[in-house]
Amino acid sequence: MRGLRAVALLIIVFTCAGLAGCWDRRELNNIAFVFTMGISRAPNGDFLVGLQIPIPRKLAGRGGGGAKGGGAEQNSLVRTTQGPTVDGALRKLGAVLGRSLSFGHCDVIIVKDDVAKDGGLASLLDFISRFWEFRRQTIILVSSRDPVEILLSSPELETTLGENLAKTVQEAIHDSSVCYISTVREILERQSILGAHVVLGRVDLVNDPDGNRTSIVEGAAVFERNRLVGFLDGDETRGLNIILNHIRGSALSLDLTAGLPADGEAGPTPGYHAGERDNKSPDAAVPRPTVSVFITRFNSKTAARLEGGQPVIDVKINVTGQVTEASYAVPLQSPGGLSALNGALAKRVEGLCRAAIAKTQSFPVGCDVFFFSEAIHDRFPAVWAAISDRWDEYYKTLKVNVIVNANIIESGMACDPISPHR
Amino acid sequence: MKRSRRPIERISTAQLAILSGAVGLGTVFLPITSIITRLAGADSTLALLAAGPFIAVLGRLAHAAQFKFPRKSLVAQFELAFGRIIGRALALPLGLALIAFAAGLERQIADVYIIALMPKTPPWVFAVAIAGLAGALAYEGVEALARYVTITHPLVLAVLVILVAAAAPLFNWHHFLPLFEHGIGPAFKGFARALPFAGEVVLFVWAILPNVNQPRGGPRAVTVGSIPTIAILIALNAATIGALSAPETARLFYATIDLAKLIQIGDYLRGLEAIIIPVFTAASVTKTAAFLLAGSRIIGDCFGLPDARPTVAPIALAATAGTLALTKATTMVRFIDFLDWYFMLPALFLPFIVWPLALLRSKRAARRTVGG
Amino acid sequence: MYKRKRKHGPQAMRDIGAVASGASAVGQGPPRPDEPRVAIAAEVGANRDAIINVLGNPPDLALREFSFGIDQPVHCLVAYIDGLTDPVAVADHLIEPLMMAPRLAVRDTAVTRSNAMDMISERLASVWHLLVETDLGKAVKAMLEGVCLVFVDGCDRCLEVGRKEPPKRQITTTETEQVIRGPREGFTETLRDCTGLVRKRLATPALRFETLSIGRLSNTAVSIVWLQGVANDKIVAEVRRRLQRIDIDGIMDGAYIEELIEDQPYSPFSTVYHTERPDAFCAHLLEGRVGILVDGSSQALVVPATMVMFFQTSEDYYTRFHLTILIRFIRLMASFNSLLLPPVYIAATTFHHNLIPTAFLLSIAAGRESVPFPAVVEALFMVFTFEAVREAGIRLPGIIGQTVSIVGALVIGQAVVSAGVVSPIMVIIIALTEVGSFAVPAYDMAATLRLLRYPLMLLAATLGMFGIAVGLLALLIHLCCLRSFGVPYLSGLTPLTARSAKDIFIRAPWPQMKFRPRPTAQKHAERQSQRSGPQRPKRGERT
């Protein structure tokens, strides 16, 4: 009975194992799945952890029986617990829920800035990297509001809030890129690189016309040694994404009130705020002449070089775009028409990048979130060794050149903008 | 009842190639990112790149020396070189080291499961299961092992390639720069740590030497079989450091598990480590069975048993009991390190000592019979 | 050879009976050379009484006594078993010539008592098959197999005339292995018909048959079939050896023989392949395998069997190879489903929730909210129910059976879901599983996979994916050790050479399949010449 003895032995052993008790069995109806987590500080200094747990009965996919979308309270539970550590807080929920928690599908974690300001982020990150259920693709966002409020906000078109947030964060990178995708993997990577600082995306709440409150992801928060240092707004986050080459596509509006800039002239850089649903300019009843360009390809390279013994960073950006909307009578059909906009686009992109760099340099502690330290370290290890212990200060005065090469190559299905015939 | 003589088994050179590749690979892919990255940091990939060809050439020479006496197994060659008593006394620790290594492997896969998938299950379940499977396979002999490996080795290689491919989009070559930041020292340590892996293959091939059908093609087959193994290990190390960065890799227990968790198909299919880690179990059974087989043969030959098969069961039992006595996982890592440095690394160089000695002695014996 | 003229006393009766039933007096083993041989009496009446007594005066024993010859009427007896021999043929070709003997041209020789037997055997009996027999036991045994015995007064020999024409079924379509394209003939229970079907497909002198008689009381004729020069002689010898050592009272079907000659009868995997189709049988003979035809069984056995054979059908070779590749892939997926789908479902929902996509997970969780049982109990319950319905469908005749299967499955499935006993996803899983098991061509293999599903489900319930991995590895190790007549069971898969890969997961087009599979046809490997198939014309050659 060659080989059969092994099979028989195994069957016996495992039947015994089954009788002794299956240690890791968890039936589906003994589990509470956590889709989103929110962490803040309780008044006594403990961690206050909020969890969003969907109720499967209400979310059944059968025939659309469950109410989807309208109000998260109906479809999910939001519960809070507190404890000295995140793990300690979570273990107390057994007394409330009667089911064990499962974090395998936890896509988003929202951290309040008070936790972030006093270094609680380190505790959370350590917990996540040790616990086997968490994945490194989980996204961590920072919020100025109470995370529980965000957990209670509307999940829009998705079934649960977590799904909505995760999707929003990832979809935005294709359209406007005003938010930063901060996965656990990326955060831990930043922590292990000398001189780099952690950036987390920001999440906030807005009021909808239909009375609900929706979460909106815009902007970023910068940390120094796991303590919150400052914020980047939408444009600055876009600049950050551009320099880090994270963008898949982005729409930029070029304000051409001052006409097309000649080479070398700086043009005004209007802002685009995602929060403003209507794009009215503050000071005129006259709509500004704007051309909207959608960037299809971004390519950015960061390189360090030495200028007089001091490291200098060059960021070279290649941008390819297409015109999507033009209310300014730009002669797009003529041979030089499209390229006339290049200068304006280049200025706009450069402006975004510079804004981001300037903001991070202006924080109380200089925060290099662009991996410039890595660029210097890789090429000039000796120079880096000299400045590494005072890098944060050095960064505040670091000279960065942003060189943008813009190329608008398409204009959609039409050539010239609409101009009413007189 | 007549004591049975073990049946004569033969494996072809192609089977030998796959078998040695599989034994070399085993579950090395689990600790390799942690062990070598802790020693060499970001230079570990370079260290492995340097070690790869070195191991291949050195291994080739070692196997050529082994195959000089094709029908003589390890103990027989030792007896030829050192004399009967001393030869057996020297061979026995090697056999015991192989068994101890097999025990360590059982624990290793138990640790992987407990860390990554099933934290509450006690380790004895995994150890007993692997021991049972590996023991059955070792009992059945080299041919059955070769057939088993022909099916599982390509599967394991394919899964490792998928792991590397999953990490490719996240690859950041900045994690490797600057090269040799702290000098050559760390890289050299990593390089040296890679050598014992070749010693393991040398020991295993030595034990099954009489079963190779065409000994002439033996050394070449083993080298050819080792090439995919070396390549995939280097690629895995590179992918891990590229995706996760060297300090983070060194911080983790088994970084390969984290790579497995990174795989996702689209947006919907995640958590595939639950499928990948069971495939690793097949590799673990391979190596444990191979080492139990080799170790039991060496021990059987040392004690003069014509058929070592009855020893497999008690040996497997003892190994499992021993591994469960190790209470902490970190002890296990140090234990494997100890075995690697003090037994497997010398084993890599032993053929160069044994062969000339055996040659000298047989020539002297021939001269004696001719002359006297 | 002794001649003892004696009456058939009681001991002689027992001896006749013993020889007729093919066993020695002790009752063990095939007839040994030193057993008693009972001589045929010179008197017809004594023989007749002996036959009636030893057979227990059966109602279907036909005896015809008559005299023939004019000058010296010779008394003779014709005996046969009605139902095994055609009485019209007996009358036409045996009795009529004997009765007409004086009128026929036996001009120069008169029929006397002394030469009657020779005259019959050489001049009068116009039949194909004729044997002279001296032992009464053997003669009775032959009569039970369908020959006609002729006894003549004054002669201690008898003639065995004619051969078996037992009641039989017409050659019809195979019921279990149907094809859309390809021959539809199937083996029947008559050995002679089966050998005829094989002979007609392999019209070569290299086709060899060797018939043995197995079974003490059934004396079943079993034929070993092989192609000389193609099959491995050692395997033929081994088959013969194993068949000869079978000592059982009766063989009712080839399945008895299958279990008695297998290498490892306790393994769940069958190492002997059986088929109802003559074309499949002959194709395997062409590959160098050895076939066994069993009288009374419509399934022919083929050894040595490898695992790959159980996943192939003859239709694969009759459709174009493009479709075959797809079909073989689907078959493989279906067999994985059949074996692994319930265990993986149990493991995923009980241990590895991360594996299931989020939306799907909520759906499953919602379905399971009202179900009181754990996933494994659910799965076992549904699988058992489905198997019971399936079994019921087989037992009931014709259209009722099919209706019961379908309606039963649907209604039960719907009802248990509505009652909240089982979650809806479980019904889908079980349906896919059972459909998968139907897709496996060989019933043996399908049954094995169905059986192995249960331990895998239990392993999955106790240890999740690790349990499944351990179960599959245990199976793999078992398969690696399994041999069928010395040929490893996993032969096509390991080692995977270019030669063997052409016929496992795909089927290479016929011009590519130049070699027979290795283990069975080692010396005679080339199947077709290297130049068969479309060839590019040489330069200068006109097409």
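Here are the numbers for this structure:
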quantity	calculated
Percent of beta bridges antiparallel (DSSP, the protein assembly as shown, rounded to nearest 5)	75 percent
Residue-normalised accessible area of chain B, given per residue in Å² at a 1.4 Å probe	38 Å²
Prolate/oblate/rounded label for the range A:29-232 (Cα gyration tensor, a/c 1.5)	oblate
Percentage relative contact order, the range B:15-361, counting C-alpha pairs under 8 Å, at least six apart	43 percent
Estimated FRET transfer efficiency (C:Asp82, C:Ile171; beta-carbon r; R0 22 Å; 0.05)	0.35
Mean Cβ count within 10 Å, highest first, over the residues of peptides C:367-376, A:171-180	A:171-180, C:367-376
Inter-chain Cβ neighbour average for residues B:111-120, partner chain, 10 Å	4
Point-to-point label distance, A:Thr397-A:Glu171, nm (Cα→Cβ direction, 7 Å offset)	4.8 nm
Protection proxy ranking, peptides C:292-301, C:380-389, C:427-436, average beta carbon neighbours within 10 Å, highest first	C:292-301, C:427-436, C:380-389
Listed residues B:Thr369, B:Thr240 arranged by accessible area, highest first, probe 1.4 Å	B:Thr369, B:Thr240
0 to 90° range, to nearest 10: angle between helix C:358-368 axis and chain C longest Cα axis	60 degrees
Spin-label pair C:Asn53/C:Tyr318, simplified geometry with 7 Å Cα→Cβ offset, distance in nm	5.8 nm
10 Å Cβ neighbours from other chains, averaged over peptide B:284-297	1
Rounded if a/c under 1.5, otherwise prolate or oblate - the range B:62-191, Cα gyration tensor axes	oblate
For B:273-279, mean number of other protein chain Cβ atoms within 10 Å	6
Relative contact order (%) - the range A:29-232, alpha-carbon pairs under 8 angstrom, separation at least six	22 percent
Sequence ranges A:82-90, C:347-355, ranked by mean other-Cβ count within 10 angstrom, highest first	C:347-355, A:82-90
With Cα atoms, 0 to 90° folded angle of helix C:10-20 axis to chain C main axis	50 degrees
Förster radius 51 Å - calculated FRET efficiency between C:Asp233 and B:Gln264, Cβ distance, rounded to 0.05	0.35
C:Gln72/C:Leu286 FRET efficiency (R0 45 Å; Cβ-Cβ; nearest 0.05)	0.15
Cα convex hull of the protein assembly as shown - mean projected area over all directions, nm²	78.5 nm²
Nearest 10 degrees, 0 to 90: helix C:321-350 Cα axis against chain C principal axis	60 degrees
Helix-derived mean residue ellipticity, 222 nm - over chain B, DSSP H n ≥ 4, -39500 (n - 2.57), to 500	-25500 deg cm²/dmol
Cα shape, the range A:122-227, gyration tensor, a/c 1.5 rule	prolate
Relative contact order of chain C, defined on C-alpha pairs under 8 angstrom at six or more residues apart (%)	12 percent
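The values are calculated or read from the model by the stated rules, or taken from the named source; none is laboratory data. The model shown is predicted, which means the values in this text are computed figures rather than measured ones. Cβ atoms come from the backbone with ideal geometry, glycine included; neighbour counts cover every protein chain shown. Note: accessible area is taken over every heavy atom of the protein model, side chains too, but ligands, DNA and RNA are not part of it. Shrake-Rupley method; radii C 1.70, N 1.55, O 1.52, S 1.80 Å.
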